[in-house]
1. Using helices alone, what [θ] at 222 nm do you get for the chain, with -39,500 (n - 2.57) per DSSP H run of 4 or more residues, divided over all residues and rounded to the nearest 500?
2. Could you compute the net charge surrounding Ser88? Neighbours are other residues with a C-beta less than 9 Å from the C-beta of Ser88; K and R count +1, D and E count -1.
3. Give the ranking of Thr76, Thr27 by solvent-accessible surface, highest area first, calculated with a 1.4 Å probe.
4. Run down the lysines and flag those whose C-alpha is under 22 Å from the C-alpha of Lys105, throwing out any fewer than 8 positions away in its chain.
5. If each residue of separation counts as 0.36 nm, what is the full-extension length gain between Asn7 and Gln101 once their alpha-carbon separation is subtracted?
6. Take Asn50 and Asn17, extend 7 Å from each Cα along the Cα→Cβ direction, and tell me the distance between the two endpoints in nm.
7. Computed from the coordinates I sent, Cα extents along the principal axes in Å equals one of (i) 43, 38, 33; (ii) 46, 34, 28; (iii) 45, 41, 28. Tell me the label.
8. If the only charges are +1 at each Lys and Arg Cβ and -1 at each Asp and Glu Cβ, what is the size of the charge dipole of the chain around the Cα centre, to the nearest 20 debye?
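The values are calculated or read from the model by the stated rules, or taken from the named source; none is laboratory data. Everything quoted here is computed from the prediction, not taken from an experiment. Note that each Cβ is placed from the backbone with ideal geometry, even for glycine, and that neighbours are counted across all protein chains shown. With ligands, DNA and RNA removed, areas are computed over all heavy atoms of the protein, side chains included. Shrake-Rupley method; radii C 1.70, N 1.55, O 1.52, S 1.80 Å.
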Amino acid sequence: MKPSVINYLQSVKSQINEITVDDLKQTTLENALILDVREPQEHQQGMIPNATPLPRGVLEFKIFDLPQLKELSEQTAQETPIYIYCASGGRSACAALALQQLGFKQVMSVAGGFKEWVNSGGQIS
C-alpha cells in the first residue's frame, strides 16, 4: 500500500498537540506567538488578530529571526507558547512537528485553521 497524504497527516497529527478554535479563543495569549504559515497571497483574506505571518516554506529558517524571539536565548525562545494555523490545519500540523523537532516545547496546531476560525465567527484583521 502506497502512503497517502491522509495517512501522512494522521501520522504527523499523532505526534503533535492540536487546539480547537474555540479553545484558542479562550486561551490567554499574552507572551504567546500566533503564527500564520499560509502563503503571502492567502493573507489577503485576513488574519487572526496579532498573528505573525511566516510561510511554511521558510519556517525553520526564519523562526529565530522573528522580532518576538530574536532577542531571546534559544532556550527561552523554545519555551514560548506557539499557536500555528494555516488554511485548514494540514500545513500547521507539519509546521508544529518541525518546531518540536527544533526543540520548541509549547507548540499547538489550530485544528481547522483559518477556515474554521472564520466559520466560528472569529475576528480577523
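1. Mean residue ellipticity at 222 nm (helix-derived): -9500 deg cm²/dmol.
2. +1
3. Details: Thr76 70, Thr27 40 Å².
The residues order as Thr76, Thr27, largest area first.
4. Partners within reach: Lys13, Lys25, Lys62, Lys70.
5. Full-extension gain reported as 31.8 nm.
6. Here the answer is 1.7 nm between the modelled labels.
7. The value matching this structure is (ii).
8. 380
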